[in-house]
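Novice: Encoded as structure tokens, here's the structure I'll be asking about.
Only the coordinates and a few stated rules stand behind these numbers; no lab work does. Predicted, not measured: the structure shown is a model, and the values here were computed from it. Note that each Cβ is placed from the backbone with ideal geometry, even for glycine, and that neighbours are counted across all protein chains shown.
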Protein chains: 2
Amino acid sequence: PTKTKSRRQRWEVKPSEMAKNTLNPIRAIVDGMKLTPNPEKPMISLSIGDPTVFGNLPTDDAVLQALKDAIDSQKYNGYAPSVGYLKSRQAVANFYSSPEAPLEAEDVILTSGCSQAIELAINVFCNPGDSILVPRPGFSLYKTLAVSMGIEVKLYNLLPEKSWEIDLQHMESLIDERTSCLIVTNPSNPCGSVFTKEHLQKILKVASKHCVPILADEIYSDMVFPGCSCPSLASLSSDVPVLSCGGLAKRWLVPGWRMGWILIHDRNNIFGSEIRQGLVKLSQRILGACTIVQGALESILNNTPQGFYSNTISFLKSNSEICFNELSSVPGLNPVMPSGAMYLMVGIEMDHFPDFKNDVDFTERLVTEQSVFCLPASAFEYPNFFRIVVTVPEALMEEACVRIREFCQCYYRPPSCDVCQSRG
Amino acid sequence: PTKTKSRRQRWEVKPSEMAKNTLNPIRAIVDGMKLTPNPEKPMISLSIGDPTVFGNLPTDDAVLQALKDAIDSQKYNGYAPSVGYLKSRQAVANFYSSPEAPLEAEDVILTSGCSQAIELAINVFCNPGDSILVPRPGFSLYKTLAVSMGIEVKLYNLLPEKSWEIDLQHMESLIDERTSCLIVTNPSNPCGSVFTKEHLQKILKVASKHCVPILADEIYSDMVFPGCSCPSLASLSSDVPVLSCGGLAKRWLVPGWRMGWILIHDRNNIFGSEIRQGLVKLSQRILGACTIVQGALESILNNTPQGFYSNTISFLKSNSEICFNELSSVPGLNPVMPSGAMYLMVGIEMDHFPDFKNDVDFTERLVTEQSVFCLPASAFEYPNFFRIVVTVPEALMEEACVRIREFCQCYYRPPSCDVCQSRG
Ligand SMILES: Cc1ncc(COP(=O)(O)O)c(C=O)c1O
Ligand SMILES: Cc1ncc(COP(=O)(O)O)c(C=O)c1O
């Protein structure tokens with residue numbers, strides 16, 4: 001005897017609110033651009049934060065060998081614990097442990113890329129209606145994830161004139177009792193900036209004053225140019241608990257392998273066991289990283305030669321300098337020299353480019369005319385800038401700068417001149 | 001001039017509701033059990049659905065070689081599209097396409113294991129407050145995911161006396177207008193059952209009548225014993241749209257590799273582009289499967305020899321028969337012969353085992369006394385049964401059955417007898 005119920009009479013299958021609210025600003029902007037390169041010039045794409053696309057930055061052979069050894073061992077085909085193999089967690093703990101911020105295996109959770117690390121961290125801290133503090137300009141994933149989960153995003157300003165340091169007063173003004181975490185990206189995507197020890201201490205002070213835990217996105221940790229140091233946030237914290245998110249993607253140049261981690265730093269036992277258990281529970285939803293990569297992790301961390309890391313950094317620094325020097329002398333552009341990561345931001349004096357509505361328009365036309373594609377920084381909530389990825393081979397970096405110069409010279413209008421110049 | 005706001009004065013970092021509500025019944029039950037094996041008998045664990053634990057079921061060399069080739073090619077270290085490489089999606093489409101249910105590359109989304117496929121599918125269909133229909137007994141992940149997302153779970157009954165067919169009337173009685181999807185697991189974990197074509201057609205009829213889309217968990221597809229056929233749900237559907245979830249985990253014996261997929265079957269264009277785009281958007285949250293495994297996928301699907309699959313199945317069938325035959329003659333136990341997958345469910349006539357409160361108690365004591373660990377089916381919402389994983393080597397399967405018999409003989413009380421028997 002089935003009860004009479006109101007049921008559907010016709011097909012109507014609609015995506016959930018969460019699916020509809022999962023908004024990827026990079027896709028939204030890029031998909032809306034007309035990206036038709038000039039057929040006379042080969043395309044140079046400086047838009048994607050993937051160091052592997054040009055083939056000039058292969059990972060180290062030791063990394064590949066570690067993966068093959070893991071396969072041959074036949075020990076890593078079954079399920080791992082949802083937080084990862086103990087041995088692999090131990091290896092990460094050893095690699096990142098320091099006297100100021102010691103780590104044990106139990107402080108490490110392995111994830112499917114740094115993206116899942118960030119997702120778990122936001123997820124464990126925030127309920128719908130809470131808010132998180134996110135840098136502007138900043139990596140778009142934080143907002144994409146948070147908005148889809150009904151979490152409010154408050155953007156705090158970074159200051160280009162102060163090497164992209166945080167506007168601490170602005171950041172502090174955004175904190176209220178629904179603020180459930182502060183996200184700090186250091187070194188930064190999209191800025192390539194690296195905070196000083198003193199600046200990090202000031203950030204910690206604000207977090208400490210208002211009792212806000214930190215999600216430190218440190219996926220670019222140790223990718224800093226020579227002469228510049230980059231302590232981890234946790235190593236400077238005496239009380240503020242920190243979830244540090246990282247992974248193999250960038251420093252080891254294998255973003256596709258999807259190996260990430262969360263390092264739990266909680267010197268004062270503020271997270272206690274509850275946050276830890278919350279992370280463990282969340283990790284059981286879909287399980288984490290591929291076991292073959294997990295099996296290789298210890299060897300990857302221990303056997304990658306130092307020269308590999310330093311070669312990558314030298315290359316990124318040299319390319320950044322080429323790009324910065326070239327564009328510094330281009331009228332209407334204001335590049336900001338990075339200190340790490342693999343990006344460089346360039347300000348556009350839009351007043352002097354009246355032909356273009358905004359950074360999207362500017363970069364779109366740069367493709368159409370010069371076949372150079374840079375991401376408009378609107379994708380990072382920061383209009384009137386564009387981001388250059390500096391992993392491209394040196395010759396292409398130079399060629400791209402020449403073309404950008406040509407493009408700007410063509411459209412630049414000096415302060416007191418509103419007469420149209422000849423257009424090459 | 002910072003505004004005065006209500007802010008936190010002291011540390012209080014608590015896990016989110018979602019973290020707290022991510023409940024894993026298997027962990028909850030197993031962690032609550034006292035699992036101290038009898039020191040005189042080596043432990044035989046028949047509890048985990050991981051075919052690799054005993055080493056007797058290695059994956060095929062072709063599968064391992066495909067992975068190594070993918071590494072050597074150096075082509076699969078960068079980011080793949082969030083839904084997977086086109087070539088790999090094409091390979092899956094080709095592998096599963098049939099005249100009745102044709103598939104193109106665009107109908108395939110690659111995911112991090114079948115678990116993420118299920119998560120994306122539930123996520124795209126359901127808003128908080130909606131409900132999903134889930135089999136009882138059934139794989140626990142559906143409920144774990146749904147509850148954490150605020151989705152109601154309605155359990156429909158499977159009938160052990162009808163080889164675990166669905167009680168269709170019961171299932172239909174649970175449908176109302178908030179029912180956003182029907183989950184069908186075929187072949188089944190934990191039952192090892194395989195539905196007939198006729199039964200699948202009846203399921204589709206109910207779904208069609210009430211316009212409910214289907215999430216078909218077909219991770220064990222093609223793992224059916226000789227003589228038994230197992231058409232996919234989608235191949236029998238004329239109107240009902242189906243998301244079929246699968247992966248490499250079980251049939252290729254590499255669950256740790258985290259390679260899963262969603263096959264989108266939507267002959268009548270009921271999902272339209274919206275559900276497809278919803279899935280694509282959701283896939284961008286954390287990205288999916290490891291690119292090395294993606295790179296190997298085409299070769300894995302095309303080059304794994306037929307003999308590998310059939311050997312696995314013969315083994316599972318033979319072990320199931322050993323187990324079924326042995327336990328059929330044990331007083332108080334009612335094993336149900338499976339037709340596929342790698343599980344066998346055993347009913348316990350609790351009336352005849354007055355020493356034990358329930359299946360948890362029963363299986364706990366089976367460990368303490370006989371060092372045999374089977375999962376109590378309470379973990380699948382089905383008390384008074386336990387589940388046996390039949391991937392264990394034959395000799396251990398036999399030994400386990402002998403011990404289970406000994407255990408039962410010791411505690412079995414015949415109908416009209418309440419005098420205690422001697423306890424070995
Ligand atoms: C700042 C930052 N965090 C996290 C990620 C994501 O890393 P993964 O590819 O390991 O998910 C990126 C990738 O570009 C990034 O720039
Ligand atoms: C019915 C069923 N679906 C899905 C899964 C999860 O598969 P995966 O390991 O690929 O995430 C399992 C694993 O046991 C299962 O039994």
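Novice: Right, A:VAL53: within 30 Å of A:GLN370 (Cα to Cα) and within 16 Å of ligand 1 (Cβ to nearest atom) or not? Outline the logic, then answer.
Specialist: Details: within 30 Å of A:GLN370 (Cα to Cα): yes; within 16 Å of ligand 1 (Cβ to nearest atom): yes.
In short, yes.
Novice: In region A:88-103, which residue that is in contact (Cβ under 8 Å) with a residue 12 or more places away in the chain and either in a loop (DSSP other than H, G, I, E, B) or within 14 Å of chain B (Cβ to nearest Cβ) (or both) is nearest to ligand 2 (Cβ to nearest atom)?
Specialist: In this case the residue turns out to be A:SER88.
Novice: Name every residue in region B:262-290 that is in contact with a Lys or Arg (Cβ under 7 Å, 6 or more places away or on another chain) and among the β-branched types (Val, Ile, Thr), in order of residue number.
Specialist: Passing the criteria: only B:ILE264.
Novice: Among the numbered conditions (1) in a strand (DSSP E or B); (2) touching an Asp or Glu at 6+ places or on another chain (Cβ under 6 Å); (3) within 16 Å of ligand 2 (Cβ to nearest atom), tell me where B:LEU145 comes up short.
Specialist: (1)
Novice: Within region B:208-246, how many residues are within 14 Å of chain A (Cβ to nearest Cβ), in contact with a strand residue (DSSP E or B) (Cβ under 8 Å, 6 or more places away or on another chain) and among the hydrophobic types (A, V, I, L, M, F, W, C)?
Specialist: Summing the residues that are within 14 Å of chain A (Cβ to nearest Cβ), in contact with a strand residue (DSSP E or B) (Cβ under 8 Å, 6 or more places away or on another chain) and among the hydrophobic types (A, V, I, L, M, F, W, C) in region B:208-246 gives 8.
Novice: Oh, and also: Name the residue, out of A:SER378, A:SER318, that is outside any loop (DSSP other than H, G, I, E, B), touching a residue at least 12 places away in the same chain (Cβ under 8 Å) and either surrounded by 17 or more Cβ atoms within 10 Å (Cβ to Cβ) or touching a Lys or Arg at 6+ places or on another chain (Cβ under 6 Å) (or both).
Specialist: Result: A:SER378 is the single residue among A:SER378, A:SER318 that is outside any loop (DSSP other than H, G, I, E, B), touching a residue at least 12 places away in the same chain (Cβ under 8 Å) and either surrounded by 17 or more Cβ atoms within 10 Å (Cβ to Cβ) or touching a Lys or Arg at 6+ places or on another chain (Cβ under 6 Å) (or both).
Novice: Let me ask something else about it. Can you find, within region A:297-306, the residue that is nearest to A:ARG251 (Cα to Cα) among those that are more than 16 Å from ligand 1 (Cβ to nearest atom) and not in a loop (DSSP other than H, G, I, E, B)?
Specialist: Among them, the one singled out is A:GLN306.
Novice: Moving to a separate point now. I'd like to know if region A:112-131 contains one or more residues that are surrounded by fewer than 24 Cβ atoms within 10 Å (Cβ to Cβ), part of a strand (DSSP E or B) and away from ligand 2 (no atom under 16 Å from the Cβ).
Specialist: Yes, because at least one residue in region A:112-131 is surrounded by fewer than 24 Cβ atoms within 10 Å (Cβ to Cβ), part of a strand (DSSP E or B) and away from ligand 2 (no atom under 16 Å from the Cβ).
Novice: On to the next question. Any idea which of A:ARG251, A:ARG267, A:ARG285 is charged (D, E, K, R) and within 16 Å of ligand 2 (Cβ to nearest atom)? Before the answer, list the steps.
Specialist: Working: A:ARG251 fails: within 16 Å of ligand 2 (Cβ to nearest atom); A:ARG267 fails: within 16 Å of ligand 2 (Cβ to nearest atom).
From the options A:ARG251, A:ARG267, A:ARG285, the qualifying one is A:ARG285.
Novice: Taking the conditions exactly as written (more than 21 Å from B:PHE54 (Cβ to Cβ), buried (at least 24 other Cβ atoms within 10 Å of the Cβ) and within 22 Å of the chain's Cα centre (by Cα)), does B:LEU297 satisfy them or not?
Specialist: yes
Novice: Residues of region B:269-287 being within 16 Å of ligand 1 (Cβ to nearest atom) and more than 8 Å from chain A (Cβ to nearest Cβ), which ones?
Specialist: Scanning region B:269-287 gives a single hit, B:SER283.
Novice: So if I check each of A:LYS143, A:LYS75, A:LYS87, which one is within 27 Å of A:ALA379 (Cα to Cα) and basic (Lys, Arg)?
Specialist: Details: A:LYS75 fails: within 27 Å of A:ALA379 (Cα to Cα); A:LYS87 fails: within 27 Å of A:ALA379 (Cα to Cα).
From the options A:LYS143, A:LYS75, A:LYS87, the qualifying one is A:LYS143.
Novice: Using the structure shown, decide if A:LEU64 is more than 30 Å from B:ASN268 (Cβ to Cβ), free of Cβ contacts under 8 Å to residues at least 40 places away in the same chain and crowded, with 20+ Cβ neighbours inside 10 Å.
Specialist: Yes, satisfied.
Novice: Same structure again: Are there helices (runs of 4 or more DSSP H) fully within region B:1-75 with at least 1 residues that are more than 7 Å from chain A (Cβ to nearest Cβ) and more than 24 Å from the chain's Cα centre (by Cα)? List them.
Specialist: Those helices (runs of 4 or more DSSP H) span B:61-73.
Novice: Does A:VAL63 satisfy the criteria of being under 16 Å from A:LEU301 (Cα atoms) and within 16 Å of ligand 1 (Cβ to nearest atom)?
Specialist: The answer is yes for A:VAL63.
Novice: I want to confirm something. Restricting to region A:208-243 and keeping residues that are in contact (Cβ under 8 Å) with a residue 40 or more places away in the chain and not in a loop (DSSP other than H, G, I, E, B), which single residue is nearest to ligand 1 (Cβ to nearest atom)?
Specialist: A:ASP217
Novice: From the list A:ARG178, A:ARG258, exactly one residue is touching a Gly at 6+ places or on another chain (Cβ under 9 Å), of a type outside the set (Phe, Trp, Tyr) and within 16 Å of ligand 2 (Cβ to nearest atom). Which is it?
Specialist: After ruling out the rest, the residue left standing is A:ARG258.
Novice: Anything in region B:349-360 that is without any contact (Cβ under 8 Å) to a residue 60 or more places away in the chain, surrounded by fewer than 23 Cβ atoms within 10 Å (Cβ to Cβ) and within 24 Å of the chain's Cα centre (by Cα)? List them, or say none.
Specialist: Across region B:349-360, the qualifying residue is only B:ASN358.
Novice: Here's another thing I want to ask about it. Taking only region A:248-268 into account, find how many residues are away from ligand 1 (no atom under 11 Å from the Cβ) and outside any strand (DSSP E or B). Spell out the reasoning first.
Specialist: Of region A:248-268, the ones away from ligand 1 (no atom under 11 Å from the Cβ) are A:253, A:262-268.
Filter once more, so that each one left must be outside any strand (DSSP E or B): A:253, A:266-268.
Of the residues in region A:248-268, 4 are away from ligand 1 (no atom under 11 Å from the Cβ) and outside any strand (DSSP E or B).
Novice: Looking at the structure I just gave you, is A:SER47 out of contact with any helix residue (DSSP H, G or I) (no Cβ under 8 Å at 6 or more places or on another chain) and either more than 16 Å from ligand 2 (Cβ to nearest atom) or hydrophobic (A, V, I, L, M, F, W, C) (or both)?
Specialist: no
Novice: Out of (1) more than 18 Å from B:SER221 (Cα to Cα); (2) within 11 Å of chain A (Cβ to nearest Cβ), the odd one out for B:GLN116 is which?
Specialist: (1)
Novice: Still on this structure: I'd like to know if region B:172-187 contains one or more residues that are out of contact with any Phe, Trp or Tyr (no Cβ under 9 Å at 6 or more places or on another chain), of a type in the set (Lys, Arg) and surrounded by fewer than 19 Cβ atoms within 10 Å (Cβ to Cβ). Write out each step before concluding.
Specialist: To start, the set of residues in region B:172-187 that are out of contact with any Phe, Trp or Tyr (no Cβ under 9 Å at 6 or more places or on another chain) comprises B:175-179.
If we keep only those that are of a type in the set (Lys, Arg) as well, we get B:178.
Restricting the remaining residues to those that are surrounded by fewer than 19 Cβ atoms within 10 Å (Cβ to Cβ) gives B:178.
Yes, some residue in region B:172-187 is out of contact with any Phe, Trp or Tyr (no Cβ under 9 Å at 6 or more places or on another chain), of a type in the set (Lys, Arg) and surrounded by fewer than 19 Cβ atoms within 10 Å (Cβ to Cβ).
Novice: Among the residues that make up region A:189-207, is at least one of them assigned to a loop (DSSP other than H, G, I, E, B) and within 13 Å of another protein chain (Cβ to nearest Cβ)?
Specialist: No - not one qualifying residue is present in region A:189-207.
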